[in-house]
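Below: one structure, written as structure tokens.
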Amino acid sequence: GAVVSQHPSWVICKSGTSVKIECRSLDFQATTMFWYRQFPKQSLMLMATSNEGSKATYEQGVEKDKFLINHASLTLSTLTVTSAHPEDSSFYICSARAGGGQETQYFGPGTRLLVL
Amino acid sequence: GQSLEQPSEVTAVEGAIVQINCTYQTSGFYGLSWYQQHDGGAPTFLSYNGLDGLEETGRFSSFLSRSDSYGYLLLQELQMKDSASYFCAVRSRMDSSYKLIFGSGTRLLVRP
């Protein structure tokens, strides 16, 4: 199956700093990428949908100025958590879809963020 | 809005059969997927139903009834490694784009 990678796999940062998470589709071109957040023992909450070359569409309640998403190429999307605070500590998971009739979403391994 | 309901926890014995139900309310329904997630890991795809009926993939089967807004995941010959969280997820189509919205998850514990 298709492979999606995320980097870093985990990150610890101080409150107030910004953290960038990369999501790459390794063996296919992803026209659409999705970013999810998951708190412990909870479900995956969709944060935003990004299509290559256009602005991301954010879900209700997700601050677009805090969670900056860039999908500049067909194989790379980035999520930047700006001015991170302890409540942003979570498991961030991206997924990618090839498009063109291919509707399967492939998930990355996730990035665990801890803000001190 | 969109909502999915599934039981929070299920316990079963190794070798048994377990069924995890999922009911949903959504607009633009396109299909129902099931994912497995072990603690600390990412979700892995198990099954997808776009049409009514049963889909079988090895020990796992999934069923969908669109008229009842209901589906289930059936796990047979349970193994200890099946202990994980299982999520139903609705694939919905809104404004010509597709989204995958997850249920709250069912934690399955398989006992010896």
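Please treat every number below as a calculation from the coordinates, not as lab data. Everything numeric here is computed off the predicted structure, so don't read it as measured data. All Cβ positions, glycine included, derive from the backbone under ideal geometry; neighbour counts span all protein chains shown.
Net charge in the neighbourhood of residue A:30 (other residues with Cβ under 11 Å of its Cβ; Lys, Arg +1, Asp, Glu -1) is 0.
Ordered by the number of other Cβ atoms lying within 10 Å of each residue's own Cβ, fewest first, B:57, A:75 fall into the sequence B:57, A:75.
Listed by chain and number, the lysines whose C-alpha is less than 29 Å from the C-alpha of residue A:41, apart from same-chain residues fewer than 8 away, are A:14, A:20, A:64, A:66, B:81, B:99. Distance between the 7 Å Cα→Cβ label points at residue A:85 and residue B:77: 5.2 nm. Using only the C-alpha atoms, the convex hull of the protein assembly as shown corresponds to 121 Å³ per residue. Here each label is just a point 7 Å from Cα along the line to Cβ, and for residue A:10 and residue B:45 those points are 2.9 nm apart. The Cα center of segment B:69-112 and the Cα center of segment A:54-116 differ in position by 22 Å.
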